[in-house]
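Visitor: Please find one structure pasted underneath; my questions will follow.
The values are calculated or read from the model by the stated rules, or taken from the named source; none is laboratory data. Here the structure is a predicted model, which is why all the values come from computation and not from measurement. Cβ placement follows ideal geometry from the backbone for every residue including glycine, while neighbour counts extend to all protein chains displayed. Side chains are part of the model used for accessible areas, which takes the heavy atoms of the whole protein and leaves out ligands, DNA and RNA. Shrake-Rupley method; radii C 1.70, N 1.55, O 1.52, S 1.80 Å.
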Amino acid sequence: MRFQNNNASLLLSLVLGSLIVHFSLAFAIHSTPLQQHASPRVIVIGGGPGGLIVSILLNNIGINTTVLEEARGPDEWSSKSYAMSLNERGKAALDRAGCLESAMRVGNEKTCSYFVDGITGDIKTIPRREDTPSLGLSRPLLVECIEGVATDLSSRVTLRKGAGCSHVTEDGGEPGLLRVHLEDGAVISGATHVVGADGKW
């Protein structure tokens with residue numbers, strides 16, 4: 001995904017538990033602050049944990065978002081799937097977005113970590129330093145939990161699957177607005193802000 005604008009500013013940086021999730025293009029392009037738009041229209045590129053949480057939090061302050069996710073179907077176990085361990089900060093982020101309860105139902109509380117020696121097969125148990133347990137679950141399950149909350153907010157959150165973004169440009173006809181160019185050649189015009197949350201892959 002390419003952002004064709006010189007005024008990029010950092011917008012999103014999330015830490016989920018002990019795992020730092022890096023969003024390779026986690027920034028917004030805009031020419032005016034969000035609050036200066038009478039009716040902000042935000043496009044979020046990436047329907048993973050970061051992008052979905054952004055859409056929920058923006059919904060909570062009355063801002064409409066469209067989330068574009070390249071994948072057409074649900075996330076499955078593959079080389080891109082992994083287990084996640086959410087500490088207090090990660091659980092607090094889910095709680096703020098109203099997703100913690102559903103994540104707790106499908107996840108497992110972790111009071112320690114296990115390390116397996118690849119040569120000997122020995123298992124080493126390392127207790128958590130923190131008093132409270134972390135929450136362990138797979139990325140597909142985490143996305144499913146957050147997506148369930150986001151789709152219930154259909155009045156302000158629109159999730160479009162199978163919509164990959166190729167690049168973003170300024171809207172020549174509308175100063176201060178942006179155009180999102182999709183991989184299939186379609187163009188979404190009139191965005192006030194674009195958030196890139198297209199993941200680490």
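Visitor: Look through region 183-192, keep the residues that are over 21 Å from the mean Cα position of the chain (by Cα) and in a loop (DSSP other than H, G, I, E, B), and return whichever of them is surrounded by the fewest Cβ atoms within 10 Å (Cβ to Cβ).
Guide: Applying the filter and picking the extreme gives Gly185.
Visitor: Could you please let me know if Gly98 is crowded, with 16+ Cβ neighbours inside 10 Å, assigned to a loop (DSSP other than H, G, I, E, B) and at pLDDT 90 or above? Can you show your working first?
Guide: Values: crowded, with 16+ Cβ neighbours inside 10 Å: yes; assigned to a loop (DSSP other than H, G, I, E, B): yes; at pLDDT 90 or above: yes.
Taking the combined requirement at face value, the residue satisfies it.
Visitor: Moving on to the next point. Out of region 148-180, which residues are out of contact with any Cys (no Cβ under 6 Å at 6 or more places or on another chain), under 21 Å from Gly73 (Cα atoms) and at pLDDT 90 or above?
Guide: Passing the criteria: Gly148, Ala150, Val157, Thr158, Leu159, Arg160, Lys161, Gly162, Ala163, Gly164, Cys165, Ser166.
Visitor: From the list Val180, Val168, Val195, pick out the single residue that is part of a strand (DSSP E or B), within 17 Å of the chain's Cα centre (by Cα) and surrounded by 15 or more Cβ atoms within 10 Å (Cβ to Cβ). Working first, answer last.
Guide: Working: Val180 fails: within 17 Å of the chain's Cα centre (by Cα); Val168 fails: within 17 Å of the chain's Cα centre (by Cα).
On inspection, the qualifying residue turns out to be Val195.
Visitor: Can you tell me which residue is nearest to Val67 (Cα to Cα) among those in region 103-122 that are part of a strand (DSSP E or B) and open to solvent by less than 70 Å² (accessible area, probe 1.4 Å)?
Guide: Filtering region 103-122 for residues part of a strand (DSSP E or B) gives 108-110, 112-116.
Next, only the ones that are open to solvent by less than 70 Å² (accessible area, probe 1.4 Å) stay: 110, 112-113.
Values: Lys110: 31, Cys112: 35, Ser113: 34 Å.
In this case the residue turns out to be Lys110.
Visitor: Further question on the same structure: Mind checking whether some residue in region 93-113 is in contact with a helix residue (DSSP H, G or I) (Cβ under 7 Å, 6 or more places away or on another chain) and among the acidic types (Asp, Glu)?
Guide: no
Visitor: Can you tell me which residues in region 123-165 are in contact (Cβ under 8 Å) with a residue 60 or more places away in the chain, small (Gly, Ala, Ser) and part of a strand (DSSP E or B)?
Guide: Those that are in contact (Cβ under 8 Å) with a residue 60 or more places away in the chain, small (Gly, Ala, Ser) and part of a strand (DSSP E or B): Ser134, Ser138.
Visitor: Another question, if that's okay. Working carefully through the options Asn87, Asn59, find the one that is open to solvent by less than 20 Å² (accessible area, probe 1.4 Å), modelled with pLDDT of 55 or more and over 14 Å from Ser138 (Cα atoms). Steps first, answer last, please.
Guide: Details: Asn87 fails: open to solvent by less than 20 Å² (accessible area, probe 1.4 Å).
Among Asn87, Asn59, only Asn59 is open to solvent by less than 20 Å² (accessible area, probe 1.4 Å), modelled with pLDDT of 55 or more and over 14 Å from Ser138 (Cα atoms).
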